[in-house]
Amino acid sequence: MWNSFLNQYEIILASASPRRQAFLHEMQIPFRVEVIPTDESFPNHLKGKEITEYIALQKAKAFTNLQDHQILITSDTLVLFENEVLAKPANAEEAKQMLQKLSGKTHEVITSICLKNKYKKIIDSCITLVTFELLSNEMIDFYVQHYSPLDKAGAYGIQEWIGHLGVSKIDGSYNNVVGLPTHLLFQLLKEIV
């Protein structure tokens, strides 16, 4: 079996994200979910992937009693537009403002993945460039009213309506923009076993 190298391990996904969980199911990697709430604030001097790597490591540090047969997966994703971090919007108005900023422009989606076992941890990051067409106010209003931008960094899901109509170009991993660069996860799993 292609994933037999994982047979003796229990994979723990430290994420409540249904998108990340769906990716692991689609990769046919058996796992269980365990989330320990973690402070996701970060020092102001950090930039770009330094931020996501810091937060992914903080999430991993919360797990202090891993057993020999366990591998922990933590990750963090952010949207970066002109050096401004666009986190999850607090409300519909903030979601609309974020989408107006992204309209007609290119931004970065950065995800860091940390794998940790009892003996070591490894971390790596994936950066994807996403370009939006010009979005009309009507399109933005429709999306915010009918979808769930409040649980997504940058206020959008590329796999949703706005991604189908509004995204004109992607340079890099599509899965990264959805929430998990699966190719990178697979590489890291092979490294840590």
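The values are calculated or read from the model by the stated rules, or taken from the named source; none is laboratory data. Note that the coordinates shown come from a computational prediction; the quantities given were computed from them, not determined experimentally. Because the Cβ atoms are built from the backbone with ideal geometry, glycine has one as well, and the counts that use them run over all protein chains shown. The protein model used for the area step is the full one, side chains on, heavy atoms only, and it has no ligands, DNA or RNA in it. Shrake-Rupley method; radii C 1.70, N 1.55, O 1.52, S 1.80 Å.
How about the stretch 47-136: which strands (runs of 3 or more DSSP E) wholly inside it have at least 1 residues that are within 24 Å of Arg32 (Cα to Cα) and at pLDDT 95 or above? Can you show your working first?
Numbers: elements: 70-81, 84-86, 106-116, 121-132.
By residue number, 70-81, 106-116, 121-132.
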* **Residue list for the stretch 1-16, filter: closer than 30 Å to Asp151 by Cα and not in a loop (DSSP other than H, G, I, E, B)** => Glu10, Ile11, Ile12, Leu13
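A quick yes/no check of all residues on (1) surrounded by 15 or more Cβ atoms within 10 Å (Cβ to Cβ); (2) among the aliphatic types (A, V, I, L, M):
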position	(1), (2)
Ile51	yes, yes
Tyr54	yes, no
Lys61	no, no
Leu66	yes, yes
Gln70	yes, no
Ile73	yes, yes
Asp76	yes, no
Phe81	yes, no
* To do: Please identify the pairs in which a residue from the stretch 61-81 that is of a type in the set (Asp, Glu) has its Cβ atom under 6 Å from the Cβ atom of a residue that is part of a strand (DSSP E or B), counting only partners at least 6 apart or on another chain.
  => Asp76/Ser112
* Tell me which of these Pro18 doesn't satisfy, since it passes every other one: (1) more than 30 Å from Glu138 (Cβ to Cβ); (2) within 20 Å of the chain's Cα centre (by Cα). => (1)
* Asked: Going by the conditions given, is Ser125 hydroxyl-bearing (Ser, Thr, Tyr), crowded, with 17+ Cβ neighbours inside 10 Å, under 18 Å from the mean Cα position of the chain (by Cα) and within 23 Å of Ser75 (Cα to Cα)?
  -> yes
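Restricting attention to the stretch 139-147, does a residue exist that is modelled with pLDDT under 95, on the phi < 0 side of the Ramachandran plot and open to solvent by 30 Å² or more (accessible area, probe 1.4 Å)? So that I can check it myself, show each step before the final result.
Here is the first cut: in the stretch 139-147, the ones modelled with pLDDT under 95 are none.
No, the stretch 139-147 contains no residue that is modelled with pLDDT under 95, on the phi < 0 side of the Ramachandran plot and open to solvent by 30 Å² or more (accessible area, probe 1.4 Å).
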